[in-house]
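Read through the structure below, which is laid out as structure tokens, and then see the notes.
The values are calculated or read from the model by the stated rules, or taken from the named source; none is laboratory data. Because the structure is predicted, anything quoted here is derived from the model rather than measured. Neighbour counts are summed over all protein chains in view; Cβ atoms, including those assigned to glycine, are modelled from backbone coordinates with ideal geometry.
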Amino acid sequence: MKDFFATVETRQSVRAYQPRPLAPEQLEKILQAAQRAPSAGNLQAYEIVVVKDPPTIRALAALCYNQMFIAQAPVVLVFCADPARSAAKYGAKGETLYSIQDATIAAAYAELAVAALGLATCWVGAFDEAELARRLKLRPGLRPVALFPIGWPAEQPARTPRRPRAEVVHEFEP
């Protein structure tokens, strides 16, 4: 296990995976981390679909506009927002914003857990939402927001640059 700040520093998007399975304990730790994420009103207005079936993973890769690197991963997690769950308490804002935030915070926690375990993933947000929902037989109303292929890295991509902090961080002065 890596230190939190080392995990954040070394995390990067990986698009090549070894043909090696994940241990069930590793997947369990990732899912536990996702479930510990904060959520609006503690509603946890999201669901996570775990996909291990290679033909289904290949179909998902095609639905992600042919990002076929996804098909190399032994496991794919699909994070789905549950707008109705959040709307029941927060109305339109829950439906259109809080449920999306809940799903993406859970995904971010999972992404850091993946990195902490020495595994790799890539946040995939480009996909045919309706077809992905149909293929995964999602219950009506669930909205896929992120897809994570997870596996052992088969590449060490170059570090991607970040914008200078002065462009990103601004201190409020009254």
Review point. From the set of residues in segment 15-26 that are out of contact with any Cys (no Cβ under 6 Å at 6 or more places or on another chain) and in contact (Cβ under 8 Å) with a residue 60 or more places away in the chain, which is surrounded by the fewest Cβ atoms within 10 Å (Cβ to Cβ)?
Key: Arg20
Check your understanding: Condition test on Val76, is it in contact with a strand residue (DSSP E or B) (Cβ under 7 Å, 6 or more places away or on another chain), of a type outside the set (Ser, Thr, Tyr), free of Cβ contacts under 8 Å to residues at least 60 places away in the same chain and within 19 Å of Ala106 (Cβ to Cβ)?
Key -> no
Review point. Of the residues that sit in segment 30-51 and are assigned to a helix (DSSP H, G or I) and surrounded by fewer than 18 Cβ atoms within 10 Å (Cβ to Cβ), which one is nearest to the chain's Cα centre (by Cα)?
Key: Leu31
Check your understanding: Looking at this structure, is Glu95 modelled with pLDDT of 95 or more, charged (D, E, K, R), assigned to a helix (DSSP H, G or I) and buried (at least 23 other Cβ atoms within 10 Å of the Cβ)?
Key -> no
Exercise for review: Check segment 19-27 and report whether any residue there is part of a helix (DSSP H, G or I) and within 15 Å of the chain's Cα centre (by Cα).
Suggested key: yes
Exercise for review: For segment 8-18, enumerate the residues that are assigned to a strand (DSSP E or B) and among the charged types (D, E, K, R).
Suggested key: none
Exercise for review: Go through segment 136-168 and give me each residue that's crowded, with 16+ Cβ neighbours inside 10 Å and closer than 18 Å to Leu63 by Cβ.
Suggested key: Leu136, Leu138, Leu142, Arg143, Pro144, Val145, Ala146, Leu147, Phe148, Pro149, Ile150
Exercise for review: Scan segment 60-74 for residues that are over 10 Å from Ala126 (Cα atoms), surrounded by fewer than 22 Cβ atoms within 10 Å (Cβ to Cβ) and either of a type in the set (Phe, Trp, Tyr) or touching a Gly at 6+ places or on another chain (Cβ under 9 Å) (or both) and jot them down.
Suggested key: Phe69, Gln72, Pro74
